[in-house]
Amino acid sequence: MPSVYFQTFGCQMNIADSDAVHQLLAERGFVLCDSHVDSDLIVVNTCSVREAAEKRAMNKIAEYARRKKNRRHQKLWVIGCMAERLGDGLKERIAGIDTVIGAKQMECIDDIIETQYPRDRSSPAIFRKTAVTDFVPIMRGCDNYCAYCVVPFVRGREQSVPYESIESTVRKKIDSGIKEITFLGQNVNSYNHDGVDFPKLLKRMTRVDGLERIRFTTSHPKDCTNDLIDVMSSSKKIAAHIHLPVQAGSDRILSLMNRKYTSAHYRNLIDTIRAGVPHIDITTDVLVGFPTETDAEFRETLALVRGIRFTAAFMFAYSPREGTAAAAMEEEMAKEEKLARLSELIATQTEITREIYEKSVGSEMDVLITDRQEKRDMAWMGQDAGCKRVLISCENVEAGMILKVRAVRSSGMTLVAERLLNLN
Ligand code: SAH
Ligand code: SF4
Ligand code: F3S
């Protein structure tokens, strides 16, 4: 049987897309290979969000292309966001790439694969995720055009998936053992299809039997409505976690970024969310070193981060992306200055994260067991109803169980817990 090896860069949307391609190849008889050396096909799924992400992908592709010369039958596909941005030009840069499939072509990916590997009706569809948690994209693309961001260019206009199709995907996943779904979109709370908006979708999902936990990402602060907060507070099935990228604390920078909210609006929103869903984990993305950001403006970001106390944050130094509005702005800041701001921010947030985890020690939490950590004394890994990672050593456990546990110790960004009860 032919085999395929996947190398996936970028966000959860790319993971979901790689799974979709994997599924379509499995339907054509492909088996998964855990080494690129022996596989008949290598699929590299790429990200364009920062220059470093593209460089990493480029290096990997070049490495595969180089080795491929000794294995002439092997095919190399480059898919995803960088494939969209650079198109067939990639083949000129790196000899040895066979096929380039851009992110916008994911809609017709079945037809594209069919031209190269026609479906053989007798082949069994064997791809089955053994995990208990999975992603379901509910909308694609982005219309927001934040000044720094390449995503609207490589992913195209916002498009919501019809509700019926989402529900049937979710039901199929539940039948194959999935307990938790994370709904994906660049901006999930602008989901809208035929009058079903995001809060409605969530509400309906809470009634699907067998779906024990619901997560979603990413939410844009400008579209985070009271309806959404109400739905979150109305059901225990919806995780007490929201990822709400703030990007910056200065109103001048937020406006230049085209984020469409002020820091005061963001702070009020956090207060409303916390009032509606007590103990919620709030996480964020922060971008430092946007063109013209002054040291004082960066201090506003630090102050906001200290004031809000996010459970965790993804933090980045601005990287200019060709074609975006910000790329046309003059950049005066030295790279060292950007990186110095980034490390100060990371140090501040890391301390806050540590304190929040430390404070959870002693409390009870409901943990969905996801997998086993073979390296760490065969302990089980899971996640609480928020976003905290929990490690637990006990007998008679399997992935998919929800346990009531008590956190006994914190090791930085993981809690160690003991079991109190089985909940499902
Ligand atoms: N759709 C999501 C996130 C998209 S990209 C949202 O709207 O929040 C994930 C994160 O990468 C962004 O939140 C931003 O913090 C960061 N990012 C995007 N473009 C960037 C750039 N040009 N340089 C550095 N970081 C960037
Ligand atoms: Fe990029 Fe902004 Fe869209 Fe997020 S909302 S994907 S940061 S343009
Ligand atoms: Fe995701 Fe990177 Fe594309 S963050 S949408 S894979 S540019």
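The values are calculated or read from the model by the stated rules, or taken from the named source; none is laboratory data. These figures come from a predicted structure and were not determined experimentally. Quick reminder, even Gly has a Cβ in these numbers, built from the backbone with ideal geometry, and neighbours come from all protein chains shown.
Does E158 count as within 16 Å of ligand 3 (Cβ to nearest atom), surrounded by fewer than 21 Cβ atoms within 10 Å (Cβ to Cβ) and among the acidic types (D, E)? Yes; evaluated as a whole, the condition is true for this residue. In this structure, is A317 within 16 Å of ligand 3 (Cβ to nearest atom), without any contact (Cβ under 8 Å) to a residue 60 or more places away in the chain and not acidic (D, E)? Answer is yes for this residue. Just one of I242, I238, I270, I253 is in contact with an Asp or Glu (Cβ under 6 Å, 6 or more places away or on another chain) and either farther than 30 Å from V208 by Cβ or away from ligand 3 (no atom under 16 Å from the Cβ) (or both); which is it? Just a single option satisfies the conditions, and that option is I253.
For segment 231-243, indicate whether the set of residues that are closer than 17 Å to D285 by Cα and within 16 Å of ligand 2 (Cβ to nearest atom) is non-empty. Checked against the condition, which is being closer than 17 Å to D285 by Cα and within 16 Å of ligand 2 (Cβ to nearest atom), segment 231-243 yields at least one hit. When restricted to residues that are within 23 Å of the chain's Cα centre (by Cα) and either away from ligand 2 (no atom under 16 Å from the Cβ) or aromatic (F, W, Y) (or both), segment 275-297 contains 6. Among the residues of segment 268-284, those identified as loosely packed, with under 15 Cβ neighbours inside 10 Å and at pLDDT 95 or above are N268, D271, T272, R274, A275.
Taking the condition of being within 16 Å of ligand 1 (Cβ to nearest atom), touching a residue at least 60 places away in the same chain (Cβ under 8 Å) and under 24 Å from D230 (Cβ atoms), how many residues in segment 145-184 meet it?
First, the residues of segment 145-184 that are within 16 Å of ligand 1 (Cβ to nearest atom): 145-160, 182-184.
Still in the list and also touching a residue at least 60 places away in the same chain (Cβ under 8 Å): 145-151, 153-155, 182, 184.
In the following step, the residues that additionally are under 24 Å from D230 (Cβ atoms) were identified as 182, 184.
Qualifying residue count for the region: 2.
Among residues that are under 22 Å from C146 (Cβ atoms) and basic (K, R), K60 is not included. Residue by residue through segment 330-350, note down the ones that are farther than 23 Å from T414 by Cα and touching a helix residue (DSSP H, G or I) at 6+ places or on another chain (Cβ under 8 Å). Residue satisfying the conditions is R341 alone. None of Q383, Q373 is over 25 Å from Q247 (Cα atoms), under 22 Å from the mean Cα position of the chain (by Cα) and modelled with pLDDT under 90 except Q373.
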